[in-house]
Amino acid sequence: MGVHARSQSGVTLVELMIVITIAGILLAIGVPSYKYVTASNRVTNEINGLLGDMQFARYEAVKEGADVTVCPVDAFTPPSPAPTTCNAGNAWNTGWIVLSNVASPNGSVVLRRQLPFANVNSNDTLTNNPVTAAITFNREGFAVNLAQPVVFSLYGPGGIASYTRCLIVGVSGVLLTAQPGPTALGNCS
């Protein structure tokens, strides 16, 4: 009688180590890219929130035939009462409101409110240059209280330029979002 050779199935230790090494290399390449994509998307969504409210304010001003203002407010967290007036400073990070200046017995009417940015602990910073406490659109859609375009710059974590997104509000009421660099209305930096 002959000896039968037995076939074995499975992987050797060397094969397992090769697979683990390849997986580690792929993770080392993929994780930084994933962090960039998530941070970049968050910053883009936040600046698009401001853009949407500016577009809404401009549209409402034209529709109502009266001034509509977008201005920063003091920070609040629901369910606490939401602010109904602009704050005295220019800290747009704390949220903003859209106010209709149509004459009413109760004064201005709040059309929209924006809470502080969702990821406040991420060190996102919103600045505006020149410093502006409010943007008011008139019935023609022009930004009436601006002498020059205002650049709102939103800096992501660590101030890394590739995370920065800008919203530029022109005197004519034109709204433009941009990544870092020069634009037709101003410099996004």
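The values are calculated or read from the model by the stated rules, or taken from the named source; none is laboratory data. Please read all numbers here as calculations on a predicted model, not as lab measurements. Cβ placement follows ideal geometry from the backbone for every residue including glycine, while neighbour counts extend to all protein chains displayed.
Numerical summary
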read-out	value
Residue match in segment 32-46 (condition: surrounded by 10 or more Cβ atoms within 10 Å (Cβ to Cβ), at pLDDT 90 or above and aromatic (Phe, Trp, Tyr))	no
Residue under evaluation Ala184, criteria (1) within 30 Å of Glu64 (Cβ to Cβ); (2) surrounded by 15 or more Cβ atoms within 10 Å (Cβ to Cβ); (3) not basic (Lys, Arg), criterion not met	(2)
Conditions (1) outside any loop (DSSP other than H, G, I, E, B); (2) in contact with a strand residue (DSSP E or B) (Cβ under 6 Å, 6 or more places away or on another chain); (3) polar (S, T, N, Q): number failed by Asn145	(1)
Residue check, Pro157 in contact with a helix residue (DSSP H, G or I) (Cβ under 6 Å, 6 or more places away or on another chain) and either closer than 11 Å to Ile47 by Cβ or modelled with pLDDT under 90 (or both)	yes
From Ala82, Ala143, residue being among the hydrophobic types (A, V, I, L, M, F, W, C), farther than 15 Å from Glu64 by Cα and either modelled with pLDDT under 75 or surrounded by fewer than 17 Cβ atoms within 10 Å (Cβ to Cβ) (or both)	Ala82
Any hit, segment 117-132, residues being exposed (fewer than 15 other Cβ atoms within 10 Å of the Cβ), assigned to a helix (DSSP H, G or I) and among the β-branched types (Val, Ile, Thr)	yes
Failed condition for Gly49, given (1) crowded, with 19+ Cβ neighbours inside 10 Å; (2) out of contact with any helix residue (DSSP H, G or I) (no Cβ under 9 Å at 6 or more places or on another chain); (3) modelled with pLDDT of 90 or more	(1)
One residue from Ala66, Ala23, Ala61 being modelled with pLDDT of 85 or more, among the small types (Gly, Ala, Ser), part of a helix (DSSP H, G or I) and closer than 19 Å to Leu146 by Cα	Ala61
